[in-house]
1. Within a 10 angstrom radius of the beta carbon, how do I38, I270 rank from fewest other beta carbons to most?
2. What nm value, rounded to one decimal, do you get for the distance between S124 and V299 when each label is placed 7 Å out toward the C-beta?
3. Using Cβ counts within 10 Å as a stand-in for footprinting exposure, how do T183, T83 rank, fewest first?
4. Run the dipole for segment 59-222 about the Cα centre, Lys and Arg Cβ at +1, Asp and Glu Cβ at -1, nothing else charged, and hand back the magnitude in debye, nearest 20.
5. One quarter of the convex hull surface, Cα atoms only: what value does that give for segment 59-222 in nm²?
6. So if R0 is 56 Å, what FRET efficiency would R147 and A273 give, r being the distance between their Cβ atoms, rounded to the nearest 0.05?
7. Sorting T76, T281 on the 10 Å Cβ count, fewest up front, what's the list?
8. Using a cut-off of 13 Å between beta-carbons, work out the net charge of the residues near P144 (Lys and Arg +1, Asp and Glu -1, P144 not included).
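Coordinate-derived values only; no laboratory data. Everything numeric in this text was worked out from a predicted model, so none of it was measured. Note: ideal-geometry Cβ built from the backbone for every residue, glycine included; neighbour counts use all protein chains shown.
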Amino acid sequence: MTKIYFIWKNINYSFLSEKHLTILILLGMVVCDVIFFIFGNVFWSDIKTRQYKEYENNIVTLEFDSLDISSFLERTAKKDFITSTFFEHTTSDQDNGSLTIAAYSPSFNITNSGIQLGSSLDGSPMEFVMNSSYARMRNYNGLPTLRLKDIFHFLDDDWIFAGILSLGAADQFDILINLEDFTSHIKEDINASFRYRSGTSLIEIRDFSNELQAEYHASHVVIPSQPAHTTYGEFLSDLGGALVLLVIAIINYMFLYQFLLTKRTYLYGIYKACGMGNFQTLCILCAELLVMLVISFGVAMLLYSAGLFLIGQEASYAQHTTEFLFAFLTIAAMNLFFGGIVAGKLIRNSPAKLIKESVVR
């Protein structure tokens, strides 16, 4: 315990006596961390978020310029691993805002929602159900609030408002209409998606999706290829060319590490004179550097999150916890590696030589 207290006191003294250099290194680390966040496309990308939703909800999405919906449904109905099929189309509402219209087969039910999709629609022409988030947005923008049986104009017709509900993260439509109405009114720019049962072979999913893409001439297809999580390899792939920039930056900071460490040779000499070996001394230095990494990473997260807030982009920390961890591990590994190279060369000297060099300086 006495030895740990001795080390702690000396570390504090070292940081305080070299505080300007310590702050400079911390700022450099913060810059490197922010580069990770920005160029790595790690956080809150619309594409990334959409992929998460598709993965965790077992969704395959195909985009079509035009589509024979009846024929498409016949093909998907033959696969027992498909639980539901739905179609979406984006147009403009009566206030020239973006409006995403959807239809489900079979009728999509949400428990405890106050309304059952499909079964609550009585089959009368021109009726729809509105997403509660879309209703809130209309109200927020000062648009008229709809009531049951009110009339709403879209797809060049007047429609009857049948109900409202809250939707899951994977269902992004604004308005739900009967499949029959969707088929008769929408002929172009259709997104067709299907959900499949968990545990289904992804090879089978990909093969069937490729068949649909070729048969119906889909312009684009999104096929989940993995579970809903990010691997370390994906994380590095997202970073792309930023890794080169970061390696160059950290190599430059090696010179700052060199300057900081050589000014503390007396302390290292004392450690070794107290009986510590090279490995123990190196572990202490790595622990000091790790503290600096934690501080700089925390500051970088706050700065980056503040930047996202200022530009009005929402952040979901929970969804990207793994990527936060990957970012920290990568940055820590690179800094500890380069810092260890510099420190390893220095602490191999004997205690007497270290103390002598510090006195000469």
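1. I38, I270
2. That separation, rounded to one decimal, is 6.5 nm.
3. Final ranking by Cβ density, sparse to dense: T83, T183.
4. It comes to approximately 680 debye.
5. 9.7 nm²
6. 0.10
7. By the 10 Å Cβ count, ascending: T76, T281.
8. -1
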